[in-house]
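Here is the structure we will look at, set down as structure tokens.
The values are calculated or read from the model by the stated rules, or taken from the named source; none is laboratory data. Computed from a predicted structure; not experimentally measured.
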Amino acid sequence: MRAGHGPPCPDAHTSHRNAAGRPRGPRRRRLQQQPEDRREAHRIRHRAHVARRSRRRGHRRRPAGPTGDKRVIYLATLNGIDPEIVNGKDDEAISRGRDQCTAMKDEKDPTKRVAQVEQRFTGPGHPNGFGPTKSALILATVQANICPTY
């Protein structure tokens, strides 16, 4: 038995119903609502909750990845800087670029942005990044092809 509650009523099944045998109070309204209506109401409440929580936490959406010619140019430029940056993993290189764009919204200092790129873009032969010179080139490529407005 839970604290603060009395013993269960001996005839719980009928004690929560009115004289006509229908459920009493707010529970009755919930039973009359259709399941699909409840799901839709829940979706609406959930979307509003997520939006409020995101604003509170300062979340930002990642920019969309480059498509078409922009994608080809982005990957070719990264391969031109160092073939190990992409290393045959195109989607991973694009994802890292999108993550860098999100991080750049919060960081305005150019040297710290380059340091972020150095940590984010690594390769098998460069586990600690590609150095400040190549990282600056990578940063310029990301800005030009994924998030030019940042």
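Condition first: modelled with pLDDT under 90, assigned to a helix (DSSP H, G or I) and over 24 Å from the mean Cα position of the chain (by Cα). Can you find one or more residues in region 49-56 that meet it? No - not one qualifying residue is present in region 49-56. Among the conditions (1) at pLDDT 80 or above; (2) of a type outside the set (D, E); (3) not in a loop (DSSP other than H, G, I, E, B), R27 misses just one, which is (1).
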